Structures are given as C-alpha cells and as structure tokens.
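Here the structure is laid out as structure tokens; the discussion comes afterwards.
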Amino acid sequence: MEQYIEKDGKRLRLGYTTGSCAAAAAKAAAWMLLTGRRKETITLDTPKGIRLELAVREITMRADSVSCAIEKDSGDDPDVTKGTLIFASVRRTDEPGVHIDGGKGVGRVTKRGLDQPVGNAAINSVPRQMIRENVEEVMALTDSSGGLDVVISAPEGEALAKKTFNPRLGIVGGISILGTTGIVEPMSEAALVETIRVELRQRRAMGKEYALLTPGNYGSDFIRQNLDVDLNTAVQVSNFLGDALDICRALGFRGALLVGHVGKLVKTAGGMMNSHSKSGDCRMEIIASHSAALGLRAERTEEILHCATCDDALRILDEEGLKDAFLVRLGQRIGTMLGYKSGELQSGAILFSKEYGFLCETEGAEELLEQIREG
C-alpha cells in the first residue's frame, strides 16, 4: 500500500490485515476455480472503504480445487505477521453456500469469551464476512451453482503465534485472522486497548468477578514470585490503566486489582490513568510533595525532584526515616484516586520496586487479592 497517516509528526504507511489477505486469497482462488483461468492480481474493497489491488502468490490449480496466497503487509506497524503468506484453498461442494474453516497455522479457539465459539477456527467475524461476501460475488459473476469450501491457512502461523497473545487467550495451533476495517493503522493505541478488552471479556465469560491487572512483565514477575496467584489470571494492560478499569466496569466485574512497579503506579496518585511518558511524568513531583507534607527538609525535597528513578527517591526517604510513612500516605492517595476513576467498581493496587520489593497497598487490596485467589 502507498497510503499514509500522520502520527506524532511522522508519516506512516498503512497496511492491510490478515483478514484482508484471507478474503483476497479466497476471492482469487474462487475466481480461478470457477473460470479455469489464472489470476495474478486481485482487487478487494475493505470495510474501511479503501480498495486494495494485491499480487496473488503461490498459485496451485487442480481440477477440483485452487490454492493461492496473499502476502501480509502491515505497513509501518511492527506486526509479527508482516511478510507472512496467508493462503486460501477453495474446493467445490454439493452443499450450497460458502463454508469457511481454518487449516494449518490458523489457531483454534479453546476458551469462551472470544469472537468465535469454542472449537471454531480463530477467523474473526469481520474477516469471515469479507471472505463470504467476496466468494459469493465471484459465484454470482460466474453463475455458479452448488457451494464452495474455503480453508484459510498460514504455514508460518504456529511459530508466529508464540509471539502473540494467542497462547494466553486459549487460541492454539496458530495465529488469528483479524481485522475490523481491513486496514492496519501503524501503532494503533485503539488496537492495544481492544486486545485488553478481549482478554478481560474472556475472563468475564469464564465467570470471573474480580480482575487482576498489571502493566507489564515486571508486574507479572512480581505476581508469580510473591502473590500465590496463577499468572494466567493476570491481564497485562500496558499504560492503559484507566481504560482497563473502564472496561472492567463495563463488563460487570465486581472488582479490579492493579499490581505494578512504583514507577508506573505512582502516577495514579496524581490522577494520571495513562502511565505513558508522553502523557506526562509527574513521578518526582508527587513523591516530593507528599514527602514535604511529612516534613522532609527542603534541600532533600529538592534532591528528590532531581532523582531519575523512584527507587532513588525512596533511598532519600529511607535515609531520612520517612520511607514507611510516605508509603502509607502514597497507598492512601492512590486508593482515593482509583476510587474516583472506578466508581462502583471495587478497585485497589499493590506497588513494588525492584530494589525494595513490596512497598505498599491500598485499603481493600488484600480483600481483592483473596477474591482473585478464590477464583
């Protein structure tokens, strides 16, 4: 594709989804099967309204079936599936209609709460609709009777899936065929939030009433080593703490517990519910203001304002005998701010650091943790 968007002052090239690849491959294979003629390029109208013209690869034509592939191009988005081939094999069948399934390298759903029911290939609803509509278009143009079986596969999919969320989601054996617009917008925050929503919706479908949230790998390590909780119950929410709480509330969870490094969660004491540095960095200002309120000397408060890390700031407080009092105060403030954000959703937080280990928790955090342990 040679279409672009501007993001954060950069010109970024758009790409197209695995769903678009699957639909285009299916359309091309159906056309070749029903006409008997090779097709080297295929056009596809995406739900986004962008028309794609794609090269058809790896064509295999037989009397009763045709297989071909489209190469995934995610543009400037760092997608693990970039460059992989998405295949469609189309075969005639006596049963009317278009029948879609997944083959090698396309995952299969094993847990409730995802777009597809348990047992189905992980080909999401919009890609399924795109495949069906494009194959039906070819059938109408060629005045074809009977039906067609369409099998989507991705030979590299099983290896690629290990780099995705699929194993955590209970999608086994390969990648998912995804996309709601057919187009990939580079580094889409909306896509990251949607991934969090999918994981939380799955937990809710399993009957979970309390969610365990953590920003990333540091939090996951702390949970595994210290909290006696199955790590698979935790959902990584990156910087989107507020979005995750909103999703929990919308899905009907009763409570949510955040477990994270102080460098991330201290920002919530200032009302920041997105912890990315581009949204602001008030860590030292928060620590300094609460330390000053506890009586920390001006010169040492000034030192904190120039600290690079929270652990360094805590070192100063430890030297002044104020670390424990500060952490109590910090836990109380974070609890207050989370309460403002989460409304009727019971919420809490546990903070730690690499150097000091467990630091503090909000009121009610232990109760939430126990509810999560009980499942």
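The values are calculated or read from the model by the stated rules, or taken from the named source; none is laboratory data. Model, not experiment: these values are computed from the prediction. Using ideal geometry, Cβ is built from the backbone for each residue, glycine included, and neighbour counts are taken over all protein chains shown. Accessible surface is based on the protein model in full, side chains and every heavy atom, while ligands, DNA and RNA are left aside. Shrake-Rupley method; radii C 1.70, N 1.55, O 1.52, S 1.80 Å.
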- So which residues in region 146-176 are touching a residue at least 12 places away in the same chain (Cβ under 8 Å), among the aliphatic types (A, V, I, L, M) and open to solvent by 10 Å² or more (accessible area, probe 1.4 Å), if there are any at all? Val151, Leu160, Leu169, Ile171, Val172
- Note on the structure: Of the candidates Val98, Val80, the one satisfying the condition of being of a type outside the set (S, T, N, Q), open to solvent by 10 Å² or more (accessible area, probe 1.4 Å) and within 22 Å of the chain's Cα centre (by Cα) is Val80
- Message: Condition first: touching a Cys at 6+ places or on another chain (Cβ under 8 Å) and open to solvent by 20 Å² or more (accessible area, probe 1.4 Å). Can you find one or more residues in region 65-76 that meet it?
- Response: yes
- Query: Just wondering, is there one or more residues in region 54-73 that are under 23 Å from the mean Cα position of the chain (by Cα) and of a type in the set (Ser, Thr, Tyr)?
  - Reply: no
- Please list, ordered by first then second residue, the pairs with beta carbon atoms under 8 Å, 6 or more apart or interchain, first in region 261-290 and in a helix (DSSP H, G or I), second among the aromatic types (Phe, Trp, Tyr) and open to solvent by less than 30 Å² (accessible area, probe 1.4 Å). Val262/Phe352; Ile287/Phe326; His290/Phe326
- When you scan region 1-108 for strands (runs of 3 or more DSSP E) that lie fully inside it, which ones turn up with 2 or more residues that are β-branched (Val, Ile, Thr) and at pLDDT 95 or above? 41-45, 57-61, 65-71, 85-93, 97-102
- Taking region 193-249, which residues are assigned to a helix (DSSP H, G or I) and of a type in the set (S, T, N, Q)? Thr195, Gln202, Asn217, Ser220, Gln225, Asn226, Asn232, Thr233
- Message: If I go through region 122-145 residue by residue, how many of them are closer than 17 Å to Ala23 by Cβ and buried (at least 16 other Cβ atoms within 10 Å of the Cβ)?
- Response: 14
- Message: Condition first: modelled with pLDDT of 90 or more and in contact with a Ser or Thr (Cβ under 8 Å, 6 or more places away or on another chain). Now tell me which residues in region 162-183 satisfy that.
- Response: Ile171, Val172, Ile175, Ser176, Ile177, Leu178, Gly179, Thr181, Gly182, Ile183
- Query: Considering region 147-185 alone, what residues qualify as being in a strand (DSSP E or B) and of a type in the set (Lys, Arg)?
  - Reply: none
- Message: So Ile286 passes all but one of these: (1) farther than 18 Å from Ser353 by Cβ; (2) under 36 Å from the mean Cα position of the chain (by Cα); (3) at pLDDT 95 or above. Which condition number does it fail?
- Response: (1)
- Note on the structure: Of the conditions (1) open to solvent by less than 20 Å² (accessible area, probe 1.4 Å); (2) modelled with pLDDT of 95 or more, the single one that Ser275 does not satisfy is (2)
- Task: Just one of (1) over 17 Å from Met130 (Cβ atoms); (2) open to solvent by less than 60 Å² (accessible area, probe 1.4 Å) trips up Ala88, so point out which.
- Result: (1)
- Note on the structure: Checked Leu317, Leu296, Leu351 against criteria (touching a residue at least 24 places away in the same chain (Cβ under 8 Å) and in a helix (DSSP H, G or I)); the one match is Leu317
- Query: Within the bounds of region 201-211, is there any residue that is farther than 30 Å from Lys267 by Cβ, touching a helix residue (DSSP H, G or I) at 6+ places or on another chain (Cβ under 6 Å) and at pLDDT 95 or above?
  - Reply: no
- Query: Taking region 177-193 as the region of interest, how many residues are of a type outside the set (Asp, Glu), open to solvent by 10 Å² or more (accessible area, probe 1.4 Å), closer than 21 Å to Gln236 by Cα and out of contact with any helix residue (DSSP H, G or I) (no Cβ under 6 Å at 6 or more places or on another chain)?
  - Reply: 5
